[in-house]
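> Sending over a structure as structure tokens; questions will come in a sec.
Just so it is clear, none of the values below were taken in a lab; they were calculated from the coordinates. Being a predicted model, the structure only gives us computed values, none of them experimental. With ideal geometry, Cβ positions are generated from the backbone for all residues, glycine too; neighbour counts draw on all protein chains shown.
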Amino acid sequence: MASRTLAVMLGILLGAVPSTAVLAQVAQAPPAAQTAVQAPVDQPQAPPAKPAGADRKDPKPAGEQAPRYEEQVVVTASKVEQQLVNAPAAVSVIGRQVLESKASQDYAGLFRAVPGVNVTQTSARDLNITSRGATGTLSTTQLALIDGRSVYLDFFGFVGWDFLPVNFAEIRQVEVIRGPASAVWGANAMTGVVNIITKAPREMQGTSITMGFGTFNRDVDGQTTDPGNGGTFYTNLTHARAINDRWSYKVSAAFYGSDPFARPVGTIDNSFQTPYPAFSNTGTEQPKFDGRVDYDFADGRSKLVVAGGYAGTSGIIHTGIGPFQIEQGTNTSYVKGTYTRNALRAQFFTNILDGTAPALLSIGVDGKPIQFSFNTKTYDVDVSNISTIGTRHVLSYGGNIRHNGFDLSIAPLGSSRNEQGVYIQDEMFLSQKFRWQLGVRMDHFDVLENVVFSPRTTVMFKPQENQTIRASYNKAYRAPSLTNNFLDVTILNQLDLGALNPAFAGRLYAFPVEALGNQDLGEHSLDAFEIGYSGVIANRASVSAAWYYNIMVDEIYFTQVASYSSKNVPPGWPLPPSVLDQLIAGNAFGPGLGLPSGYSYLNSSNLAGCTGGTDCGKVRTQGIELGLDLTVNNHVNAFANYSWQSNPSLTTGALPDPRETGKSSEYNFPPNNRFNIGMNASYGRFFGDLAVSYQGEAYWQDVLDARYAGTTDPFTLLNGGFGARWMGGKFVTSIKGTNLANQEVMQHVFGDVIKRSVVGEVKINF
């Protein structure tokens, strides 16, 4: 019934396409309302509006014009084009100059400099990003888009950043929403959204070839052998052409390859002092291809974009049941078509993923590594539109229908999932200084019992045109992934008996542990309150500040749900059954835990110790974000930002901090403090980038069991690059380095050790 209701609502909303007369009202609306005209994400955005005072005459010669901060235009916050200062959420924009000069070669370094965004890289290919919360080995609450196409992988519930088919040279800008956005983007836009907006073919005409060669350090304290340095190589080829005033196209091909990073040695710093397990670590190989054709209609208002691409990968992925080796040949492909006419936008896309990934530590009951094969197909239709009502209301609305097909070896009972959602929001221009945005989205999943509502309201006060103070409330959620619902695998866990009794030194005991999904899971939701400020100061700087308070409800955890005991002795237990009870009583397997016999996914309200009540299972966090982007002069831009995040707390008080108590927790604890400062410069033929990033210690518990939980030390990264343009910019050379101080950095307690990397790059433009 809910599905039919949503389908009817979707038809009503999307059938309300405004007439030419209605669209004409946008041009006739007062200046305040004109800021909400949609910018389709597949088209070049209109030039940013001039900041206040931009029309003032400057007596200086043109070559000595005073530097000005250029106000940026974003589309992701509300699915409408608006100046950054008018966005109803905290948004960070990574622009062309940063993308061109950034020392980092991947998205880890790119997003680390954004306030409120936590990044963990655990292998040469494995990267996870989360806004305003702890990341993990599978970050499930951050939605990622490329030109509005979702690249979120529903089968595990995470983003495969190595599957993005484009390179930095093809990206116009990256928009990062820090905070929930389910009110327009639906499921999984719970803690934030990243939207990568690529250049249209007409913006990048010509041919470009980029090649980079590099090396990175792999020395780790405590190693008994010299691992030698690792190597990395990448190359990108892009070609774009405008055939005439109607047709244009672009094609690109890329490859990235890296040797494995170093693995940590010794023991994990926790009460168990568990040795880091040995497994064959690998690097990554990532081929990519992408193509796009644009057709501009003669009416000047309509556009059709057809695109498709392929991305392959290999390397390590970490999960709750340990690391898996994604084998070569694993790939994702997509096809997308987008039609825009004025504010109307209709899009269809399909994502196809196919691959295999044998486990490296998890052994099946047959004594062999668990073989994980996966094949998924996603089909999505999305339509959105904008209408004006009088001169004070801008109404945006739309919806989508999605079908997912799954074939997963470790979740054989889950074969498909259907989703439908609609949204509507109204931006009300109450006066010259006050605006109010009110909206709601409704989604239906066939794995959830009820329709999910995601409301949003934001009140904005504008003391000046280029400054905004906002107060907002958002409700957002993520749906259970397919493995959350349908995982079905039995693994053989190993116990070092010598750690329990020296008489059994060197003897390992293997016992079966069942890991099952939970088809009764509810959605993981978030109530978010925020007070923020954004503004342009003296036409030179963009300043942002935000305080947020989040209430997490029914988080989904992979947790121990059954234990062995003297009444339920595991097969082949080599000691008397009474010894097992003595070990459990002595917390040998973790505080309050027995020898695990079963794991499953539970909402936090169903975790052990939750005694019921309306607040049971709710976890509260809060944080502060401060940011400054400064145009120093016509050649230099600088930035600085600071983020503070609290430890998670229950209604009755703070959770016991595992970093102080030594006891395990169901929660990852994010770094409390993060700080970034840096600059990029371009003068004549020379350009460069320099940045320092600091991150405090963090706690992790999301790989294997309590014996592998622990903290990572604080670290500081010094990154920098320098380059020069030759032959009028046709030939560009640069050298880029990350972690130049060569600090031994672990971004996850189970992850690889990441040390200094230096890359030389050559780019040729034809």
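> Give, in whole angstrom and from largest to smallest, the semi-axes √(5λ) of the equivalent ellipsoid of the stretch 378-486, with λ running over the eigenvalues of the Cα gyration tensor.
Details: eigenvalues 281, 46, 22 Å².
Square roots of five times the eigenvalues give 37, 15, 10 Å.
> I need the calculated FRET efficiency for the pair ILE469 and SER373, taking r as the beta carbon distance and R₀ as 45 Å, to the nearest 0.05.
0.30
> Next question, about the same structure. Dipole of the chain, Cα-centred, from +1 at each Lys and Arg C-beta and -1 at each Asp and Glu C-beta, to the nearest 20 debye? Mind showing how you got there, number by number?
On the way: 58 positive and 64 negative charges, 458 e Å.
Approximately 2200 debye in magnitude.
> In Å, what is the Rg of the alpha-carbon atoms in the stretch 148-217, and how long is Dmax?
Just the Cα atoms of the stretch 148-217 yield Rg and Dmax of 15.5, 45 Å.
> Report the longest stretch of the chain that contains none of the trypsin sites (Lys or Arg not before Pro) sitting in a DSSP loop with at most 10 other Cβ atoms within 10 Å.
Result, exposed sites excluded: 58-566.
> 7 Å from Cα along Cα→Cβ at both PHE255 and GLN622: what's the point-to-point distance in nm?
5.4
> Let me ask something else about it. How large is the charge dipole for the stretch 388-530, taken about the Cα centre, if only the Cβ atoms of Lys, Arg (+1) and Asp, Glu (-1) carry charge, to the nearest 20 debye?
Taking the Cα centre of the stretch 388-530 as origin, the dipole is about 740 debye.
> Which value, to two decimals, describes the C-alpha radius of gyration of the chain once divided by 2.2 N^0.38 Å? Please report the intermediate quantities before stating the final value.
Numbers: Rg = 26.3 Å, N = 766, 2.2 N^0.38 = 27.4 Å.
Normalised Cα radius of gyration, the chain: 0.96.
> If you wrap a convex hull around the C-alpha atoms of the stretch 234-326 and split its volume per residue, what is the figure in Å³?
Values: hull volume 13.7 nm³, N = 93.
Measuring per residue, one finds 147 Å³ for the Cα hull of the stretch 234-326.
> What is the extension gain from ASN450 to VAL632, computed as 0.36 nm multiplied by their sequence separation minus the C-alpha to C-alpha distance, in nm to one decimal?
Using 0.36 nm per residue and subtracting the Cα-Cα distance, I get 60.3 nm.
> Under a plain spin-label model, where a point goes 7 Å from the Cα along Cα-to-Cβ, how far apart in nm are LEU740 and LEU607?
Each label point is offset 7 Å from its Cα along the Cβ direction, giving 4.2 nm.
> Under a straight-distance cross-link criterion of Cα-Cα below 14 Å, which aspartates and glutamates are reachable from LYS736, leaving out those fewer than 8 residues away in the same chain?
The reachable aspartates and glutamates, counting only those whose Cα sits under 14 Å from LYS736, are GLU100, ASP106, ASP689, GLU761.
> Which part of the stretch 206-241 falls in the paramagnetic zone of VAL762, meaning amide N under 14 Å from the point 7 Å along Cα-to-beta-carbon?
Once the point is set 7 Å along Cα→Cβ of VAL762, 209-214, 234-236 turn out to lie under 14 Å by backbone N, inside the stretch 206-241.
> Starting from the Cα gyration tensor of the stretch 183-273, take the square roots of the eigenvalues, sort them a ≥ b ≥ c, and report rounded, prolate or oblate (rounded when a/c is under 1.5, otherwise prolate if a/b is larger than b/c, else oblate).
It is oblate, given that a/c is not under 1.5 and a/b is not larger than b/c.
> Pairs to check: LYS336/LYS763; LYS303/LYS336; LYS377/LYS475; LYS730/LYS763; LYS199/LYS250; LYS336/LYS377. Give those whose C-alpha atoms are more than 19 Å from each other in this structure.
Over 19 Å Cα-Cα: LYS336/LYS763; LYS377/LYS475.
> Can you grab the distance from the C-alpha centre of the stretch 521-575 to the C-alpha centre of the stretch 269-321, Å, no decimals?
So the separation of the two Cα centres works out to 24 Å.
> What net charge do the residues around ALA187 carry, taking every other residue with its C-beta under 11 Å from that of ALA187, with Lys and Arg at +1 and Asp and Glu at -1?
Summing Lys and Arg as +1 and Asp and Glu as -1 gives 0.
> Between GLY399, ALA476, PRO714, whose Cα lies farthest towards the positive end of the dipole of the chain when Lys and Arg beta carbons carry +1 and Asp and Glu beta carbons carry -1, centred on the Cα centre?
Value: GLY399.
> Counting Lys +1, Arg +1, Asp -1, Glu -1, what net charge surrounds LEU360 among other residues with beta carbon under 15 Å of its beta carbon?
It works out to a net charge of 0.
> Another one. Taking a quarter of the surface of the convex hull around the Cα atoms of the stretch 313-374, what do you get in nm²? Present the calculation step by step, with values, prior to reporting the outcome.
Working: hull surface 24.1 nm².
Averaged projected area of the stretch 313-374's Cα convex hull equals 6.0 nm².
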